[in-house]
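For reference, the structure discussed in these notes is given below.
The values are calculated or read from the model by the stated rules, or taken from the named source; none is laboratory data. Predicted model only: the values in this text are computed from it and were never measured. Note that each Cβ is placed from the backbone with ideal geometry, even for glycine, and that neighbours are counted across all protein chains shown. For accessibility, only protein heavy atoms count, side chains too; no ligands or nucleic acids. Shrake-Rupley method; radii C 1.70, N 1.55, O 1.52, S 1.80 Å.
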Amino acid sequence: IHDVPQIIQEGIPYFFLFMVVEAICSFFIGRKSYYFKDTIMSVSCGIAQQVFGIWIKFLYVIPYGFLYDNYRLFEIPTTGYLTFIGCMLGCDCCYYWYHRIAHEWHVIWTGHSVHHSGQV
């Protein structure tokens, strides 16, 4: 687990950099496309997601580890570009369908709707 890059933590400075760039571009273009309230809300949601995500991950990492250790049908090789591309496409496909279902099912929509609640 120590070999996995901490993408979110490493990306945080870039998030803030691009928020500043967006605000500056919005100012110079003269079109109001940057809203400070949206920034505060997005940053707050991101912080909450990271804090609570630590605990929520235990709900699926521990059962996944158990199932993988005891009931896996095959092992995916950890080397090679095809493995990376296949896993990347598989994860992207799963996220697409989760996001699509989040728009259709009311129970999931309640947590997902804040993602669509900006002023623009």
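Among the residues of region 17-34, how many are under 20 Å from V114 (Cα atoms) and modelled with pLDDT of 80 or more?
Matching residues across region 17-34 total 1.
Given the criteria assigned to a helix (DSSP H, G or I), more than 21 Å from the chain's Cα centre (by Cα), surrounded by 10 or more Cβ atoms within 10 Å (Cβ to Cβ) and modelled with pLDDT of 85 or more, does Y95 qualify?
no
Within the set of pairs 6 or more residues apart or between chains, which connect a residue that is charged (D, E, K, R) inside region 64-92 to a residue that is open to solvent by 80 Å² or more (accessible area, probe 1.4 Å) and not in a helix (DSSP H, G or I) with Cβ atoms less than 6 Å apart?
none
Looking only at region 1-50, filter to residues that are outside any helix (DSSP H, G or I) and of a type in the set (S, T, N, Q); which one of those is surrounded by the most Cβ atoms within 10 Å (Cβ to Cβ)?
Among residues in region 1-50 that are outside any helix (DSSP H, G or I) and of a type in the set (S, T, N, Q), the one surrounded by the most Cβ atoms within 10 Å (Cβ to Cβ) is S33.
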